[in-house]
Protein chains: 4
Amino acid sequence: MGQKVKKIAVMTSGGDSPGMNAAIRSVVRAAAYYRTECIGIYRGYQGMIEGDFTPMSARSVNNIIHKGGTILKSARSKEFMTKEGRAKAYENLKEEGIEGLVIIGGDGSFTGGVVFNSEYNFPVIGIPGTIDNDIYGTSHTLGYDTALNTAMEAIDKIRDTASSHNRLFFVEVMGRDAGFIALNTGVGAGAEEILIPEEDLGLERMLESLKKSRRSGKSSSIVVVAEGDKSGKNVYQLADYVEENMPEYEVRVSVLGHMQRGGSPTCFDRVLASRLGVRAVELLIDGKSNVMVGLKDNEVVSTDLEKAIKGQNSIDKELLRVSDIMTT
Amino acid sequence: MGQKVKKIAVMTSGGDSPGMNAAIRSVVRAAAYYRTECIGIYRGYQGMIEGDFTPMSARSVNNIIHKGGTILKSARSKEFMTKEGRAKAYENLKEEGIEGLVIIGGDGSFTGGVVFNSEYNFPVIGIPGTIDNDIYGTSHTLGYDTALNTAMEAIDKIRDTASSHNRLFFVEVMGRDAGFIALNTGVGAGAEEILIPEEDLGLERMLESLKKSRRSGKSSSIVVVAEGDKSGKNVYQLADYVEENMPEYEVRVSVLGHMQRGGSPTCFDRVLASRLGVRAVELLIDGKSNVMVGLKDNEVVSTDLEKAIKGQNSIDKELLRVSDIMTT
Amino acid sequence: MGQKVKKIAVMTSGGDSPGMNAAIRSVVRAAAYYRTECIGIYRGYQGMIEGDFTPMSARSVNNIIHKGGTILKSARSKEFMTKEGRAKAYENLKEEGIEGLVIIGGDGSFTGGVVFNSEYNFPVIGIPGTIDNDIYGTSHTLGYDTALNTAMEAIDKIRDTASSHNRLFFVEVMGRDAGFIALNTGVGAGAEEILIPEEDLGLERMLESLKKSRRSGKSSSIVVVAEGDKSGKNVYQLADYVEENMPEYEVRVSVLGHMQRGGSPTCFDRVLASRLGVRAVELLIDGKSNVMVGLKDNEVVSTDLEKAIKGQNSIDKELLRVSDIMTT
Amino acid sequence: MGQKVKKIAVMTSGGDSPGMNAAIRSVVRAAAYYRTECIGIYRGYQGMIEGDFTPMSARSVNNIIHKGGTILKSARSKEFMTKEGRAKAYENLKEEGIEGLVIIGGDGSFTGGVVFNSEYNFPVIGIPGTIDNDIYGTSHTLGYDTALNTAMEAIDKIRDTASSHNRLFFVEVMGRDAGFIALNTGVGAGAEEILIPEEDLGLERMLESLKKSRRSGKSSSIVVVAEGDKSGKNVYQLADYVEENMPEYEVRVSVLGHMQRGGSPTCFDRVLASRLGVRAVELLIDGKSNVMVGLKDNEVVSTDLEKAIKGQNSIDKELLRVSDIMTT
């Protein structure tokens, strides 16, 4: 018996998210704990192709658990989408003696891992790192909880000025094609309306709802809009539409943007990263491959990478209902 | 069919926690949504005895979702522990036409509710509000997530100064007899050692562990101590003990204290409060009583109040293990 | 001898800024201290015209010192720009027995006050409240210090993601026609380049500077741009220009927007508000008019309102130089 | 003409404070700008004696401006208080070719510099780094503004729980023998009473004042106490005294402690650090010695080190008065 793998590598890939450093730290420390060598790969698949490697010890990840971003940097690699690129990458890993890989990233990054594994039978384990929470097989992706708080705190500040001026604010939050950030920050910030891709409210109904809110005595309002909202209009067009139809409001727009990807991770994200990193290493050492580690019912679980890529998290219907009731 | 209850009351009781205002707001808004009258009771059971009531409308809870503390105030009531006190309280509720009660608080407050119900058959529903996360029947109590982040951010700051001076810090966090805050903030803040009531590490082993950490190249260290730690020594005695046995360290103590009970709630706590408040009202309207609403596997669930009081959440063994690995 | 004024009013006018509530609190408490009645006027000059008044006691400003926005709300009033509007406003003040007015706002609001005083000889005192720091006669306007920190913390988060991806970010901050926020947050956030209205760097030189920074080993960069920058291009055009000329960078844009106007004020702004509010009341009581209270060399000073309106704060040349040296 | 000094060193000494890293960065970048070599000395005077040096380039201070603590670490050195210690230190500096020294620290550290200069005629320039703001010759020391905000935000959280329970809180803040932090955070957090070393209120008057505040309708109160308060009682004894004499209050104590020394510096502290670092280098290069750089009236100024050590900042009488008026 014993460890099936004696040397592993870890990298971050795709868009960065808060908690990636905590996950790197956890992978490196777990490897050290199991007396397994660990190599850091810079800039994801691109660094794998270029052999941009660095050995990592338990001490090399001191003082990073609280940092946003990723010390291993991230990138998107076109070259890795080619057979030649992947061949180079494999050569580099083999030459370095690396026998397994932990990929911290989103579904694009996992797809790369699945292809790589299918071609070279190289063990890969995924850790879901993205603020969008759009990965199947985990209730929370790394960075999602932090992004919720970052966005919500920004909306809290916007509400100060909205309610001082009887203004209506459209605030766009991130989330790609998923409304998780919008729905949760909308409820958390007490928004009057929340527009998400999963539910097409319709412009008419939004207007009706804002008018009702106004009649009920609210003099200022916040509408939270997911970036991937499918109303057919972007946030500026929505604002124009409402301004035309509700001249009693001064309408303003704020696009929160990239700050949502940064910042020191919350306690939840740091603990999650620590738990997932340990499990990822244990799975690799155990000879497992092609799975993603995630959280379900507060337990660490594994999901087939292919399922994780194809599946989709659905928005919580009950929370949608709560959101409606809250804007009574 | 119809609503079994036409007028309800809501109150906060026991120690306050972030998210209580969000829960009050949710109860009031849900009541308004279901066209049920809602009365706010000030200062918990004491206000119930004194008839310290205020009618609440959907608008009376504007702009409180983000506030720490509780606008209904909280108190501990000795009088309610007497039969006479409870009789007065019942008279006041009856006179006001209140037919059901939502109690936001901890297990002491729930015990009061169970007794009251047994005597007067008065419908009561509990919402678990405490930073300690020590209530059975919910994975998260209201305010716990916020307290984790407040404590962790304070420890982050302490680490700045610890690592500038090669110091060892003992940081005491809250949690009564439960180690949830200590374990999670310890992992989140990257503490070298975590002392919790659920696991008696022993002074010898702690010392050994700190010495190992020092030998491994760490020049500063944080030990997170739960207030209810059972080592037989308080945090100051622990510090003295280590200082005597490891003269190479300057040892310092910080007791984080009551700031952990305050602050604006995190997105998680605000969303949780919104969900639990709605469910509590729906249960009351439905004729239910003697249950606590809580979160399990990200779903809102109900638990018998008696079970919630008697049961105990146990600390996550896997996280203990992760914590050990992280301090490699 | 004695007080020349027995009843005063306070209002906030124009764009809101953090610290306005602290200033209202200070004016109200100082009035109470000097046994002077105090009326709050809602929505600035518009509320004055509509007689939207509320009596304020020392207790009515409890628990507002830490709140962003303004509990008296703010507005811009076209009607006050007419003789008729001002006549109505005067009638309302007279009828209420108000003998002096504290205006918390920017130079537009002060201009209204000067005109009003010239027509009705009505005593007015200004407190400079704006995040832009563009008012002559004070080293700091109310809200400026808070806005600096809000913007800087957002840029800190953006840097996390910028440095994870070797990206170049253009971040637009507020400040109207003044570069105070851009220059200070740029230095504070360690920006590679800062574009302000007071200094036209020129696109060529900016490009040169970014290339130098890149050659020197920096792989990511932040350029902070004041909203009133006079390069003839807005922030999106700047980004396009650089992307064309430096294809090695991925360029991104973030407009921080209205969140900069909100949030809980910093200690500096709360203390400043407390000091200015007291002085404003003391001046009114003393029979003074047409002056603005402000801070110079950490002392509270008075400036003629007309001077405050006409004068201009100039950007600190030494800080510009420091900024150049920091980007070495 | 020309630079009088071609190689300098920088170190941090004594208690650390937020902004020290920003100052190190500024010194290093300014040295690079003036093509002057720069050496970092670890652990202050102790590292000087041990020759614990590291060369620093403009790139070696990337990404530290926002970090609390000091990357050069700090220490107190008993050995440097001996002639032999200082001789060793001088030998190390000479051997390394270092011709001037920037000391970031408090008056204890400056005293060491003055003695060293008197013995070896070695050029030293001081940058005032301490949260206590107790150094003559500058209106603000590095870290003071950050500490004010850290302490005030903690008190804001404590107020949440204080006002939920009608409690009276005694909160001890740092400041050694100076009341700057207590007075400013007390005013900023809206404390009902502020106890500072510079003004002995007397226990009787404090009690009277708290009773008055209670009668005026306040149900909860915060008393901010400077650690060096001269009432003859420590914060716990004060609490006991009040609890005995005002049984209507539940009294609690919170000692904020070392978290006040850490955390990411505010914009003010980062900008101040950048300005002072540049000036310190320019002075050294210019052949100056034995001066401290500081801020007066928002201008960077120099003060004789001896004066800086002997002089004392006095508390702002006007702010004391404002504080009294605010608690009306």
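Some points to look at:
- Hey, C:Ile41 in contact with a Leu (Cβ under 8 Å, 6 or more places away or on another chain), buried (at least 21 other Cβ atoms within 10 Å of the Cβ) and either farther than 28 Å from C:His258 by Cβ or at pLDDT 95 or above (or both) or not: yes
- Just so you know, in the stretch C:15-35 the residues that are in contact with a strand residue (DSSP E or B) (Cβ under 6 Å, 6 or more places away or on another chain) and not hydrophobic (A, V, I, L, M, F, W, C) include one that is farthest from the other protein chains (Cβ to nearest Cβ), and it is C:Gly19.
- Filtered by the rule that a residue be closer than 20 Å to B:Glu198 by Cα and not aliphatic (A, V, I, L, M), the stretch B:237-250 gives a lone residue, B:Gln237.
- Answer residue from the stretch C:142-171, given it is surrounded by fewer than 24 Cβ atoms within 10 Å (Cβ to Cβ) and among the acidic types (Asp, Glu) and is nearest to the other protein chains (Cβ to nearest Cβ) among those: C:Asp156
- Within the stretch B:89-103, if we keep just the residues that are under 28 Å from D:Glu248 (Cβ atoms) and without any contact (Cβ under 8 Å) to a residue 40 or more places away in the chain, the residue that is surrounded by the most Cβ atoms within 10 Å (Cβ to Cβ) turns out to be B:Tyr90.
- For the stretch C:288-327, taking the residues that are among the acidic types (Asp, Glu) and within 20 Å of D:Lys296 (Cβ to Cβ), the one that is nearest to the other protein chains (Cβ to nearest Cβ) is identified as C:Asp297.
- Residue satisfying condition, being more than 16 Å from the chain's Cα centre (by Cα), surrounded by fewer than 21 Cβ atoms within 10 Å (Cβ to Cβ) and modelled with pLDDT of 95 or more, within set D:Ser254, D:Ser231, D:Ser289: D:Ser289
- Only listed residue being within 16 Å of the chain's Cα centre (by Cα), away from chain C (no Cβ under 14 Å) and assigned to a strand (DSSP E or B), chosen from A:Ile103, A:Ile125: A:Ile103
- Candidate set from the stretch D:73-100 (those that are of a type in the set (Gly, Ala, Ser) and within 12 Å of chain B (Cβ to nearest Cβ)); member that is nearest to D:Gly143 (Cα to Cα): D:Ser74
- Members of the stretch A:1-13 found to be under 20 Å from A:Tyr45 (Cα atoms) and surrounded by fewer than 24 Cβ atoms within 10 Å (Cβ to Cβ), listed by number: A:Lys7
- Check on B:Ala147, at pLDDT below 95 and in contact with a Lys or Arg (Cβ under 9 Å, 6 or more places away or on another chain): no
- When residues of the stretch B:186-207 are limited to those that are away from chain A (no Cβ under 14 Å) and either over 28 Å from B:Asn313 (Cα atoms) or assigned to a helix (DSSP H, G or I) (or both), the one modelled with the highest pLDDT: B:Leu207
- Test: residue in the stretch B:50-73 that is in contact with a helix residue (DSSP H, G or I) (Cβ under 6 Å, 6 or more places away or on another chain), at pLDDT below 95, under 28 Å from B:Ala226 (Cβ atoms) and outside any strand (DSSP E or B): no
- Restricted to strands (runs of 3 or more DSSP E) entirely inside the stretch B:225-326, those with at least 3 residues that are in the same structural domain as B:Gly112 (by TED's automatic domain parsing) are B:291-296, B:299-304.
- Residues that are surrounded by fewer than 24 Cβ atoms within 10 Å (Cβ to Cβ) and in a helix (DSSP H, G or I), drawn from the stretch B:18-36: B:Ala32, B:Tyr33
- For D:Arg176: the one exception among (1) more than 14 Å from chain B (Cβ to nearest Cβ); (2) out of contact with any strand residue (DSSP E or B) (no Cβ under 8 Å at 6 or more places or on another chain); (3) surrounded by 24 or more Cβ atoms within 10 Å (Cβ to Cβ): (3)
- In the stretch A:217-256, residue nearest to the other protein chains (Cβ to nearest Cβ) [restricted to those that are among the small types (Gly, Ala, Ser) and touching a residue at least 40 places away in the same chain (Cβ under 8 Å)]: A:Ser254
- Any hit, the stretch A:119-138, residues being in contact with an Asp or Glu (Cβ under 7 Å, 6 or more places away or on another chain), in contact (Cβ under 8 Å) with a residue 12 or more places away in the chain, hydroxyl-bearing (Ser, Thr, Tyr) and under 27 Å from B:Lys296 (Cβ atoms): no
- With respect to (1) outside the structural domain of A:Val293 (by TED's automatic domain parsing); (2) of a type in the set (Phe, Trp, Tyr); (3) touching a helix residue (DSSP H, G or I) at 6+ places or on another chain (Cβ under 6 Å), the lone exception for A:Tyr136 is condition (1).
- Test: residue in the stretch A:180-189 that is closer than 27 Å to C:Leu72 by Cβ and in contact with a Gly (Cβ under 9 Å, 6 or more places away or on another chain): no
- Qualifying position, being in contact (Cβ under 8 Å) with a residue 60 or more places away in the chain and away from chain D (no Cβ under 14 Å), among B:Leu210, B:Leu183: B:Leu183
- Residues within the stretch A:141-157 that are touching a Pro at 6+ places or on another chain (Cβ under 6 Å) and closer than 19 Å to C:His258 by Cα, tallied: 0
- The number of residues in the stretch D:61-72 being buried (at least 23 other Cβ atoms within 10 Å of the Cβ) and at the interface with another protein chain (Cβ under 7 Å from one of its Cβ atoms) comes to 4.
- Flag if A:Ile39 is in a strand (DSSP E or B) and more than 30 Å from C:Ile158 (Cβ to Cβ): no
- Pairing each residue of the stretch B:287-301 that is at positive phi with any residue that is not in a strand (DSSP E or B), provided the two are 6+ apart or on different chains, yields C-beta distances under 6 Å for B:Gly287/B:Lys4; B:Asn290/B:Asn117; B:Asn290/B:Leu305; B:Asp297/A:Asp297; B:Asn298/A:Ser139.
The values are calculated or read from the model by the stated rules, or taken from the named source; none is laboratory data. Everything numeric here is computed off the predicted structure, so don't read it as measured data. Virtual Cβ from ideal backbone geometry, glycine too; neighbours counted across all protein chains shown.
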